[in-house]
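A.B. asks: Take a look at the following structure, please.
The values are calculated or read from the model by the stated rules, or taken from the named source; none is laboratory data. Remember, predicted model here, so these are calculated numbers, not experimental data. Ideal geometry is used to build each Cβ from the backbone, glycine not excepted, and the neighbour counts take in all protein chains shown. With ligands, DNA and RNA removed, areas are computed over all heavy atoms of the protein, side chains included. Shrake-Rupley method; radii C 1.70, N 1.55, O 1.52, S 1.80 Å.
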Amino acid sequence: MTVVADAPTTKSRDARDVPPSMVERMTLILDAFDGRAARLTLEEVACRSRLPRSTVHRILDSLVKLNWVEHASFGYRLGRRALGTGADGGHAELREAAAPLLHELHLQIGMVVQLSVLDAHEIVCLDKIGGRMANSIPSRVGGRIAAHSSASGKAMLAWLDPERVDAVCAGRFVRSTPNTITSLPTLHLELNRIRQRRGLSFEREESARGVACVGVAVRGPEGPVAAVSLSGDVRTAPLERVAPLVVDAAREISRTLFPELGAPRRAARLRAPVPADTWSPEARTRVLGGRVGGWI
């Protein structure tokens, strides 16, 4: 393959510093998507890779055609191949449906928002939006976390048959922190509490020290297809107060993907400021079932 060098510009490195190998250039571009941002503009990719803009644009076009990168309304993001989900993983439609709601959640609340899918005993992060705060949460787009130790994973496991939970989780309990669930009986008790809270899943320092999270499954006709979560500092994250907004976002994504589940409507809570106390005491007691593991 013959590679034609780009003319140097004032905004990129000197042409003599541009790697001559196409593989090296592609690697620099893919490395720009390092989890600090789920989506990047062309200019941001060029800046992070320190390659000429014309080179980046040409290579991105090729990566999009090969499903390594996706070009959406919010910019470029890692594609199905880069995320290890396969050419026909079916997640493009999910990510597109979730994107506006994930951005609204982050802009309104300021916490880190993530979209994940369940893959056997692990969850795979499809999107992560958090600006500067994203670096404080030890996860990355395309990364994997044990389902039993995360709010998103437990939210999805809660809607599986108990026998399937046993099949995917038995013998795979790795302790990440002292708070991590490490047995099937304890996991089933937690999943039952999540169902009693109508799908709300909480975790504090189960997957990583210093991190608190609330997650809700995006459900389809045949079960959970993904989960939306909000993460923040364990000392300050207002999990109970933001929980209804996560519920609304997950339901809205479900309606977009599966119109037969209900007429689409815009979630009113996502348009309004977060009130000091979103739920009435009666609603909180009914849905949360009292205190959540002593955390709320």
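So that you can scan it fast, the table gives a plain yes or no per residue for (1) of a type in the set (Gly, Ala, Ser); (2) under 30 Å from MET111 (Cβ atoms); (3) open to solvent by 40 Å² or more (accessible area, probe 1.4 Å); (4) at pLDDT 90 or above:
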| site | (1), (2), (3), (4) |
| --- | --- |
| THR9 | no, no, yes, no |
| SER12 | yes, no, no, no |
| ASP17 | no, no, yes, no |
| PRO20 | no, no, yes, no |
| LEU30 | no, yes, yes, no |
| ASP34 | no, yes, yes, no |
| ARG39 | no, yes, no, no |
| VAL45 | no, yes, no, yes |
| LEU51 | no, no, no, yes |
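A.B. asks: For segment 171-215, enumerate the residues that are assigned to a helix (DSSP H, G or I) and open to solvent by 10 Å² or more (accessible area, probe 1.4 Å). Spell out how you get there, then give the answer.
C.D. replies: As a first pass, look at segment 171-215 and keep what is assigned to a helix (DSSP H, G or I): 184-196.
Within segment 171-215, LEU184, PRO185, THR186, HIS188, LEU189, GLU190, ASN192, ARG193, ARG195, GLN196 qualify.
A.B. asks: Here is a list: GLU222, GLU203. Which entry is of a type outside the set (Val, Ile, Thr) and at pLDDT below 90?
C.D. replies: On the way: GLU203 fails: at pLDDT below 90.
Step by step, each of GLU222, GLU203 is checked, and only GLU222 is of a type outside the set (Val, Ile, Thr) and at pLDDT below 90.
A.B. asks: Now for a separate question. Return a yes/no flag: does segment 255-270 have any residue that is modelled with pLDDT of 80 or more and either open to solvent by less than 20 Å² (accessible area, probe 1.4 Å) or assigned to a loop (DSSP other than H, G, I, E, B) (or both). Break it down into steps so the answer makes sense when it comes.
C.D. replies: Here is the first cut: in segment 255-270, the residues modelled with pLDDT of 80 or more are 255-259.
Narrowing further to those that are either open to solvent by less than 20 Å² (accessible area, probe 1.4 Å) or assigned to a loop (DSSP other than H, G, I, E, B) (or both): 258.
Yes: segment 255-270 contains one or more residues that are modelled with pLDDT of 80 or more and either open to solvent by less than 20 Å² (accessible area, probe 1.4 Å) or assigned to a loop (DSSP other than H, G, I, E, B) (or both).
A.B. asks: Let me ask you something else. Which count do you get for residues in segment 149-184 that are within 25 Å of ALA249 (Cα to Cα) and polar (S, T, N, Q)?
C.D. replies: Qualifying residue count, segment 149-184: 3.
A.B. asks: Within the set of pairs 6 or more residues apart or between chains, which connect a residue that is closer than 17 Å to PRO224 by Cα inside segment 181-203 to a residue that is polar (S, T, N, Q) and crowded, with 19+ Cβ neighbours inside 10 Å with Cβ atoms less than 7 Å apart?
C.D. replies: ILE194/SER201
A.B. asks: Would you point out the residue of segment 241-254, among those that are of a type in the set (D, E, K, R) and in contact with a helix residue (DSSP H, G or I) (Cβ under 7 Å, 6 or more places away or on another chain), that is surrounded by the fewest Cβ atoms within 10 Å (Cβ to Cβ)? Give the derivation first.
C.D. replies: Taking segment 241-254 first, the residues of a type in the set (D, E, K, R) are 241, 248, 251-252.
Checking which are in contact with a helix residue (DSSP H, G or I) (Cβ under 7 Å, 6 or more places away or on another chain) leaves us with 248, 252.
Working: ASP248: 20, GLU252: 22.
Selected residue: ASP248.
A.B. asks: Regarding segment 223-231, can at least one residue be identified that is open to solvent by less than 30 Å² (accessible area, probe 1.4 Å) and either without any contact (Cβ under 8 Å) to a residue 60 or more places away in the chain or of a type in the set (Phe, Trp, Tyr) (or both)?
C.D. replies: no
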